[in-house]
Amino acid sequence: MHYWEVRALGSQVRILHLSDLHSRGDRESETWRRRRVLGPPWERNLETIREDGPIDLVFFTGDAADWGLPNEFTAASDFFLSILDKLKVPRERFFVIPGNHDVRRDVEPGAWQKMRALLGSANDPLDVARWAAGGRPPFGAEADLLDRVLERLQPYSEWVSNSLGRPELAPRKGTLGFHSELDLGLGYPVHIIGLNTAWMCGDDSDAGKLWALDDQLMRLVSDARGGPLQGLRILLMHHPFDQLADGAECRALLAGRVDLVLRGHLHKEEVGTWSDPGNTIRQLAAGCLYEGWRADYWPNSCHVLGIDSSPAGQPHRIQLRFRAFSPHSGQWFDDDSLYPETRSGRLMWNLPRPTMAAAAGSEVNPYDPWTPAVPPGFVGRNGTLARLQKAIAEGRSVSLVGDWRIGKSSLLTTCMLGLHESGRTAKLLSGQGREGTSPAIFVECATGVRSGDTPDAAADTLSNWARQAHKPGMLPALLVDEFDAVVTRFDPRFFERLRGMLDYLCLVISSSREIDRIYKDIGRTSPFVNRLELCWVGLIEDEAAEELARRSAPVLPPSARIMVREWAGRHPFFIQLFGRKLVDSCRYGESAECALEQFLAEGGSRLRELWGTLSERDQQIIRASVDAPQTESAARSLRRRGLLTEDGRPFGRLLTEWLLEEKR
């Protein structure tokens, strides 16, 4: 799993989307023009793209070849395999679909004409769809007609199967597309669905005469029981839906089954949304890598997308970076020409979520205790956020300390958004992710550069990146969540070197305990003594707690907000947890008392975990706080942790009731 700029913890996947190469093989008569676009300038473009962090997946949405000839695909192989090598992406993370230029028009033209006539006649498309899935031919169709039509994609199929080593992506009778389920370590599956819209291409007037076939589509986007796939679902296709004869019907069928459609064909970058009543489909169109006729006179282009999703894989934000070729300078650059909001080629696409008023009648709950909050969902902590931003602006490093689920990840992610908007070079990583496995992988995820395996080699790479990323008045920032996890895994030498970089690198780490205590427990002295400004993360402000509690207002009566505040106080996790239980109970026709019972059970389990981290003295203080407020000096550490309020009382009735229950 990779981590990079601006992500909700554990939830982003980064994709390079390419389309329309139009490789001409030995027919290429202007090799210098193609080299001007896709030679050294393209290699530099890949290096620039990788500076933002490693790429997880590479998608190509059609027209690898120009006439569908074998030697054209051979040249395309060299190009694509070079990309995978430079980006360190394995072949099993590369997905391709055919376009109209990948079809051999001179093969079986008679069969193609008969199939077009068959589809355009009074024959029921249902019969054709079942035939394509392996059923019997429709009335009047020759038994081998479909096989002969698919022979026109034989060079493409052989290329995908043999040169790319991906036979599962090749078109074949029974399934014209493919479905691949990936585990990227995100906590949810990623489904890549390839839809073959090119199988009926055959002339220059294909638009409106192509077919996806509903059965082919739905087999790809459904689970074994016919239901929607669970996780992040991305559909790849070459043509836009409006060029398919059954495009409107297929688009309607995708409701709730696909999160994002990526396509090519029209040679222009586009971000769009198709909306029908009760149905929204989002699509991203890639420009062409090399326009067949205009060549290096065309603003050839590609884009990178980083998808932030919920723990269930539902995308809520897509960070786009548009890259384009300049015919004038002969270089690839960050393209701001597409949308007014684009800055340095980057566009943040925040996907609309159901309104609060609709939450009671939908499957969306306004509370999510398990996902780090980002603006506008992030509320409060204004003082902490301001101090953190000021420290970074002044080049000081910071250690955020707070209990599990108190809001450290939300604070770091929100801070990261601000750093990104300011133009500062910054990276956000997690000790619980792939980058937490070794110093070399940690540095690769931070810098996009593969380093040596030794601690010093990794530190050298990180140091070079930090020095190069320095801007006047702006040190680069490295934000590391769950830092506790890497302290025991990494060689101490790496952290000794990291300490030496703090004059030209701003480090912000978060942990559940003070760093010096973590090191003491493993018998070492912290290399960060006197170098990290300590900042505790505890309860949120009263106004912020009220705002969180009010999120139930469109769904629940005012008494629900009062209950949430009574039981959860100003603890953000427990506010979210109880709010979620109340909304779910309302939706399923259960009582508030039922929600409270569920909240007490789950909240009690969480408190039991916390209790084990407390000293005997702190346990005694908390027990005593039920009967009387504890003095400021005695309760100081517990107030910092958010277990007691400023007046020395339990943070909420949940803690009080749990303590009383534990006494029995």
Working carefully through the options Leu548, Leu532, find the one that is aliphatic (A, V, I, L, M), assigned by TED's automatic domain parsing to the domain that holds Ile392 and touching a residue at least 24 places away in the same chain (Cβ under 8 Å).
Leu532
Just one of the numbered conditions (1) farther than 23 Å from His265 by Cβ; (2) surrounded by 21 or more Cβ atoms within 10 Å (Cβ to Cβ); (3) not hydrophobic (A, V, I, L, M, F, W, C) is not true of Gly185; which one?
(2)
Residues (surrounded by fewer than 20 Cβ atoms within 10 Å (Cβ to Cβ), assigned to a helix (DSSP H, G or I) and touching a residue at least 60 places away in the same chain (Cβ under 8 Å)) located in segment 94-120
Pro109, Gln113, Arg116, Leu119, Gly120
Please determine whether any residue of segment 196-206 is within 20 Å of Gly25 (Cβ to Cβ) and either more than 24 Å from the chain's Cα centre (by Cα) or among the acidic types (Asp, Glu) (or both).
yes
Among the residues of segment 611-664, how many are within 41 Å of the chain's Cα centre (by Cα), farther than 21 Å from Ser512 by Cα and among the polar types (S, T, N, Q)?
1
Residues satisfying the stated conditions in segment 399-408, i.e. farther than 16 Å from Ile518 by Cβ and buried (at least 22 other Cβ atoms within 10 Å of the Cβ):
Ile406, Gly407
Can you pull out the residues in segment 241-270 that are under 13 Å from His17 (Cα atoms), of a type in the set (A, V, I, L, M) and in contact (Cβ under 8 Å) with a residue 60 or more places away in the chain?
Leu262
So, of the residues in segment 569-586 that are small (Gly, Ala, Ser) and modelled with pLDDT of 90 or more, which turns out to be farthest from Val555 (Cα to Cα)?
Gly569
Residue list for segment 599-637, restricted to those being of a type in the set (S, T, N, Q), within 14 Å of Leu654 (Cβ to Cβ) and without any contact (Cβ under 8 Å) to a residue 24 or more places away in the chain
Ser605
Confirm whether Glu421 is under 21 Å from Ala459 (Cα atoms), out of contact with any Pro (no Cβ under 6 Å at 6 or more places or on another chain) and in a helix (DSSP H, G or I).
no
Restricting attention to segment 469-526, and to residues there that are of a type in the set (A, V, I, L, M, F, W, C) and in contact with a Pro (Cβ under 8 Å, 6 or more places away or on another chain), which single residue is surrounded by the most Cβ atoms within 10 Å (Cβ to Cβ)?
Leu498
What's the number of the condition Lys427 fails, among (1) under 15 Å from Asp52 (Cα atoms); (2) surrounded by fewer than 23 Cβ atoms within 10 Å (Cβ to Cβ); (3) touching a Pro at 6+ places or on another chain (Cβ under 9 Å)?
(2)
Looking only at segment 193-213, which residues are touching a Cys at 6+ places or on another chain (Cβ under 6 Å) and over 26 Å from Pro109 (Cβ atoms)?
none
Take segment 640-664 and flag every residue that is part of a helix (DSSP H, G or I) and basic (Lys, Arg).
Arg640, Arg641, Arg653, Lys663
Just one of the numbered conditions (1) at positive phi; (2) under 28 Å from the mean Cα position of the chain (by Cα) is not true of Ala469; which one?
(1)
Report yes if some residue within segment 227-240 is without any contact (Cβ under 8 Å) to a residue 24 or more places away in the chain and either in contact with an Asp or Glu (Cβ under 6 Å, 6 or more places away or on another chain) or within 25 Å of Gly313 (Cβ to Cβ) (or both); otherwise report no.
yes
Could you run through segment 387-404 and say how many residues are at pLDDT 85 or above and either assigned by TED's automatic domain parsing to the domain that holds Gly306 or closer than 24 Å to Gly187 by Cα (or both)?
2
Scan segment 238-257 for residues that are crowded, with 24+ Cβ neighbours inside 10 Å and in contact with a His (Cβ under 9 Å, 6 or more places away or on another chain) and report the count.
2
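The values are calculated or read from the model by the stated rules, or taken from the named source; none is laboratory data. Model, not experiment: these values are computed from the prediction. No Cβ is skipped: glycine too gets one built from the backbone with ideal geometry, and neighbour counts run over all protein chains shown.
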